[in-house]
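Readers should treat all values here as calculations from the given coordinates under stated rules, not as data from a laboratory. This is a predicted model, so every value here is computed, not measured. Cβ atoms come from the backbone with ideal geometry, glycine included; neighbour counts cover every protein chain shown.
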Amino acid sequence: MKFYSTRNKDITISAGQAMIRGLAEDGGLFVPDNLDVHIPEPDYKNVSYQDLAFAVMRPFLEDFTDEELQACIRLAYDDKYDTADIAPLRRLSDSWLLELWHGPTAAFKDLALTIMPHMLTTAYAKEGRDDTVAILTATSGDTGKAALAGFADVPNTAITVFFPEDGVSPVQKRQMQTSRGNNVSVIAVRGNFDDCQRMVKECTTDPEVRAAGKHVTISSANSINIGRLLPQMVYYYAAYAALVKTGAIHAGEEVSFAVPTGNFGDILAGYMARRSGLPIRHLLCASNENNVLTDFLHTGTYDARRPFHMTMSPSMDILISSNLERLLFFASGGNDAMVRSCMKSLWDTGAYTIPAELLTALQEIFLGYYAPEEACRREIANLYRQEQVLIDPHTAVAMHAMHEYRKLHSDVPCVVLSTASPFKFSRSVLACLDQPLPEDEFEAMRNLAALSGLKVPTGLAELETLPVRFREVIDRSEGKAVIMKRMEELSHD
Ligand SMILES: *Cc1c(COP(=O)(O)O)cnc(C)c1O
């Protein structure tokens, strides 16, 4: 299987190369040349998360041997997770919750970022390279920490994370600023996530920046990297397997997934799982007040020219959803010229419109919903009062979408992706529950634990006492100079 750029199918490379490079030089995203691989139906009743990871990723990683892929899986999905299921499925009264926050940083990004560094270094070793892979990453909060944890002290790699100074939660900020490892660096940017993402994308393809690093290859740990998306397909299969195992559905029955969406990486992995044969009926694209995707799925016009809202689900405060580009490519049967022209229009004017037939095809599968802040508060409060289950504000956005969906499609079982531990956003969650609000985030964590009887995840509890290592704050305009300096530091002969 080859990978090519969404903006030019003539650029083709191997899976390993695609992971090392991150972004194609024309600014496009790498995609597999065949999505319809039809993964053989697993023995759902007896399959482990690790077995599924192997079965699902195997067809896409032809340049890896079975042993190499198995080794990556073993290194990733181990006791870093606080449950042997890795991604457990919880029954609710009207749906299911797929808990994707049992990894080291308590958000779903771990599912990809605990394995991606191993896949990257495996690919790298096979090529016999002596470059340093410089990972540049923009984060809306959770990717940053998961990538820093995943890449810390990984040989031949160095990682720099840029986050919006005021656009992440206090816990997310503290998680990043206390990161360990000799190859990590964390920089706050005066701006929002879109500013950070644009800065990183521009620098990644800038010839001057590339030339500044001798024996340095720039790559990305954002979901623009295909190495993020392949592992994310796995938990859709794992949820399905759990439903079959518990007798909730029989193998072959269709289910829907509600996905809290920002950069469109998580939900795109669901689409890829569907194309590879998993019986998925609908994918619910759930947005917060930054509802550019909701409008897009209703009208076919993507228009980012609108106010940017800061919400209590900061990891979804995004107006430019990068991975939508991949969906346009896949759903149009690989129309690279159409994708190129949409992306050019987005870059030049902030908007684009897709052909009507393409919109109709998307609407067969994707349904767009958005949740105002008040609706999220209600979802959190109601679920806690009625079922004593705590969810974080991102999950609440998807929960709201699921309830809207239920009104028309009550016959399709629906799984809500729970993307972060509620303890990551303790103050917001306490506020939704009308509890007293301590100023201090760690006191809020303890209060939430006392209220719910749950344990604060270890990785979060320890933050209170870890020293802050990174305090640098820059303007967006300084980004290029900062990245060039980093390239020079990493240069070697
Ligand atoms: C990143 C993130 C999302 C959004 O996922 P995308 O792949 O960017 O669409 C949702 N919830 C949480 C908690 C996240 O960290």
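Ranked for footprinting exposure by Cβ neighbours inside 10 Å, fewest first, C203, C376 give C203, C376.
Over all directions, the projected convex hull of the C-alpha atoms in segment 86-169 averages 7.1 nm² in area. Residues whose amide H lies under 5 Å from that of S219, counting only those 5 or more places away or on a different chain, are A134, I135, L136; hydrogens are built 1.01 Å from N in the peptide plane. Value of Rg to Rh for segment 9-161, rounded to two decimals, is 0.97; Kirkwood radius and Rg both from alpha-carbon coordinates.
If both residues of a DSSP beta bridge must be in the chain, then about 25% of such bridges are antiparallel. What you get for the chain, charging only the Cβ of Lys and Arg (+1) and of Asp and Glu (-1), is a dipole of about 180 debye around the Cα centre.
Database remark: amide H of V186 closer than 5 angstrom to the amide H of V161 (H placed geometrically; neighbours at sequence offset of 5 or more, or on other chains; Pro and chain starts carry no H).
Taken along its three principal axes, the alpha carbon spread of segment 368-464 comes to 45, 24, 23 Å, from the longest extent down to the shortest.
Among Y77, Y44, sorting on how many other beta-carbon atoms sit within 10 Å of each Cβ, with the fewest leading, yields Y44, Y77. Going by neighbour counts of Cβ atoms within 10 Å, the residues T205, T132 line up, fewest first, as T205, T132. Couplings for segment 172-180, taken from phi via the Karplus curve 6.51 cos²θ - 1.76 cosθ + 1.60 with θ = phi - 60°, read 4, 4, 5, 4, 6, 6, 9, 4, 8 Hz in order; Gly and Pro are left as x. Among residues other than R406 with Cβ under 14 Å from its Cβ, the summed charge is -2 (Lys and Arg +1, Asp and Glu -1). For segment 424-466 versus segment 97-176, the inter-centroid distance based on Cα atoms is 24 Å. Taking every alpha-carbon pair under 8 Å whose residues sit at least 6 apart, the chain reaches a relative contact order of 20 percent. Backbone geometry of segment 228-239 corresponds, through the Karplus equation with coefficients 6.51, -1.76 and 1.60 at θ = phi - 60°, to 3J(HN,Hα) couplings of 7, 6, 4, x, 6, 5, 4, 6, 5, 5, 5, 5 Hz, x marking Gly and Pro.
Considering all alpha-carbon pairs of the chain, what whole percent are spaced by more than 39 angstrom? Here the tail beyond 39 Å accounts for 16 percent of pairs. Note on segment 60-184: antiparallel DSSP beta bridges, both residues inside, total approximately 30 percent of the bridges counted. Put simply, when 21-28, 259-266 are sorted by average Cβ atoms within 10 angstrom per residue, most first, you get 259-266, 21-28. Computed over the alpha carbons of segment 312-364, Rg followed by Dmax gives 12.3, 38 Å.
Backbone amide hydrogens, once placed in the peptide plane, bring R281 within less than 5 Å of V255, S256, excluding anything fewer than 5 places away on its chain.
Length available on full extension from V389 to T299: 0.36 nm per residue minus the Cα-Cα distance, which gives 28.8 nm. Peptides 298-307, 391-400, ordered by how many other C-beta atoms sit within 10 Å of their residues on average, highest first, read 391-400, 298-307.
Looking at A251, P307, L367, which one has the Cα that reaches farthest to the positive end of the dipole of the chain (charges on Cβ: Lys, Arg +1; Asp, Glu -1)? Working it through, the farthest residue towards the positive pole turns out to be P307. Peptides 153-162, 209-218, 247-256, 140-149 ranked from most to least packed give 140-149, 153-162, 209-218, 247-256, packing being the mean of other C-beta atoms within 10 angstrom over each peptide's residues.
Here the Kirkwood formula puts the hydrodynamic radius of segment 162-289 at 17.7 Å, using every distinct Cα pair. Straight-distance candidates among the lysines for linking to K45, with alpha-carbon spacing under 25 Å and chain neighbours fewer than 8 residues away dropped: K80, K245. Relative intensity of segment 23-107 on a log10 scale, I(q)/I(0) at q = 0.15 Å⁻¹, equals -0.79, per a Debye sum over C-alpha point scatterers of equal strength in the absence of solvent. Starting from the Cα of K485, draw a straight line to each of the lysines and keep only those under 30 Å, dropping any in the same chain fewer than 8 residues away. Reachable lysines: K109, K126, K145, K173, K201, K214, K344.
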